[in-house]
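The values are calculated or read from the model by the stated rules, or taken from the named source; none is laboratory data. Remember, it's a predicted structure, so these values are computed and weren't measured experimentally. For neighbour counting, all protein chains shown are included, and Cβ atoms are generated from backbone atoms with ideal geometry for every residue, glycine included.
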Amino acid sequence: MSDDPDTRRQIESIAEDNRPLLVLDVDEVVLEFLGPFMRWLESEGFSFRAQSFALNGNIFDSEGSAAAKETVESLITRFFEVQHEWQILAPGFSDALDSLSQKAQIVLLTAMPHRHFAAREALLTSLSVPYPLVTTEKAKGPAVSLLHGGRDAPVAFIDDMAYNLLSVAKALPSATLIHLMAHRPMRDLMPPLPDSIIAAEDWPMAARKAREALGI
Ligand SMILES: [Mg+2]
């Protein structure tokens, strides 16, 4: 049971489906986030230097000073408001999903304030991504568990953040967890993943692992 009431309402509005379930994070999985965010930062007079696996500490103002945590938070919020002008599909996403979506239910689960739902849904529609979108302001694990419901069919979850994958592991231990991150330079800085998570190099590999996990 998701502890975010808006998330729960969104999930309850999705048509029931008993096929294997594939839940996808949006930023860095369905859409490029870091590349477009870095280009937008440049347009705002900031720069991003990937020195550690974080946004905080890696964003610099025009004087060369690291942006404070509050500034970073407000930049992310402002970027979400203009996301439709900057974000593009992650490489390999469309081809991978063409085959997966015939035999599995696909749901997109994005950790983002609910007020950005409409903008994000419009962006995904404009990019011909037809799958239902769920936003959550709480942990992803309970939301994936609610999406899976009581169905007998298996579930796989793809995300670029280990804490989201581990949240799903905790709420739904049967889920297959796949890590995928479109932005290579940042992924190279990522701490090692726990053994329970499959590391996918790219969408073709993630799709192969998802098909194996879902038996499709
Ligand atoms: Mg993400």
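Can you run down the residue pairs with Cβ atoms below 6 Å, 6 or more apart or on separate chains, where the first is in segment 143-167 and more than 13 Å from V26 (Cβ to Cβ) and hydroxyl-bearing (S, T, Y) and the partner is away from the ligand (no atom under 16 Å from the Cβ) and not in a strand (DSSP E or B)?
S145/A171; S145/L172
Restricting attention to segment 157-196, report how many residues are hydrophobic (A, V, I, L, M, F, W, C) and within 19 Å of L147 (Cβ to Cβ).
So the first thing to find is which residues in segment 157-196 are hydrophobic (A, V, I, L, M, F, W, C), and the list is 157-158, 161-162, 165-166, 168-169, 171-172, 175, 177-178, 180-182, 186, 189-190, 193.
So of that shortlist, the ones also within 19 Å of L147 (Cβ to Cβ) come out as 157-158, 161, 165-166, 168-169, 171-172, 175, 177-178, 180.
Here the count works out to 13.
Where the second residue is near the ligand (Cβ under 9 Å from one of its atoms) and of a type in the set (S, T, N, Q) and the first is assigned by TED's automatic domain parsing to the domain that holds D95 and lies in segment 19-31, which pairs have Cβ atoms under 8 Å and are six or more apart or on separate chains?
D25/T110; D25/N164; V26/T110; D27/T110
Can you tell which of A96, A90, A139 is of a type outside the set (F, W, Y) and farther than 19 Å from P204 by Cα?
On inspection, the qualifying residue turns out to be A139.
Report yes if M186 is more than 24 Å from K103 (Cβ to Cβ) and in a loop (DSSP other than H, G, I, E, B), otherwise no.
When the stated conditions are applied, M186 does not pass them.
Under 7 Å between Cβ atoms, at least 6 apart or on separate chains: pull out the pairs that start in segment 105-116 with a residue that is under 14 Å from A139 (Cα atoms) and end on any residue that is within 15 Å of the ligand (Cβ to nearest atom) and aromatic (F, W, Y).
M112/F80
Please go through segment 128-149 and give me each residue that is assigned to a helix (DSSP H, G or I) and either more than 13 Å from the ligand (Cβ to nearest atom) or among the aromatic types (F, W, Y) (or both), ordered by number.
G141, P142, A143, V144, S145, L146, L147, H148
Report, by residue number, each residue of segment 87-105 that is closer than 27 Å to F37 by Cα and either part of a loop (DSSP other than H, G, I, E, B) or within 16 Å of the ligand (Cβ to nearest atom) (or both).
Residues satisfying the conditions are Q87, I88, L89, A90, P91, G92, F93.
Report yes if L22 is of a type outside the set (F, W, Y), within 16 Å of the ligand (Cβ to nearest atom) and not in a loop (DSSP other than H, G, I, E, B), otherwise no.
Answer is yes for this residue.
Which of the following residues is touching a strand residue (DSSP E or B) at 6+ places or on another chain (Cβ under 7 Å) and within 16 Å of the ligand (Cβ to nearest atom): L41, L55, L109?
Details: L41 fails: within 16 Å of the ligand (Cβ to nearest atom); L55 fails: touching a strand residue (DSSP E or B) at 6+ places or on another chain (Cβ under 7 Å).
Among L41, L55, L109, only L109 is touching a strand residue (DSSP E or B) at 6+ places or on another chain (Cβ under 7 Å) and within 16 Å of the ligand (Cβ to nearest atom).
Identify, from the list D195, D152, the residue that is more than 17 Å from I106 (Cα to Cα), more than 16 Å from the ligand (Cβ to nearest atom) and assigned by TED's automatic domain parsing to the domain that holds R19.
Just a single option satisfies the conditions, and that option is D195.
Within segment 51-76, count every residue that is assigned to a loop (DSSP other than H, G, I, E, B) and surrounded by fewer than 17 Cβ atoms within 10 Å (Cβ to Cβ).
Qualifying residue count for the region: 12.
Which one of P191, P173 is farther than 19 Å from Q10 by Cα, without any contact (Cβ under 8 Å) to a residue 12 or more places away in the chain and outside any helix (DSSP H, G or I)?
Checking each option against the conditions leaves just P173.
Looking at segment 140-155, which of its residues are under 13 Å from the mean Cα position of the chain (by Cα) and aliphatic (A, V, I, L, M)?
Result: V144, single match.
Looking at segment 32-53, which of its residues are more than 23 Å from D202 (Cβ to Cβ) and without any contact (Cβ under 8 Å) to a residue 12 or more places away in the chain?
Residues satisfying the conditions are E42, S43, R49.
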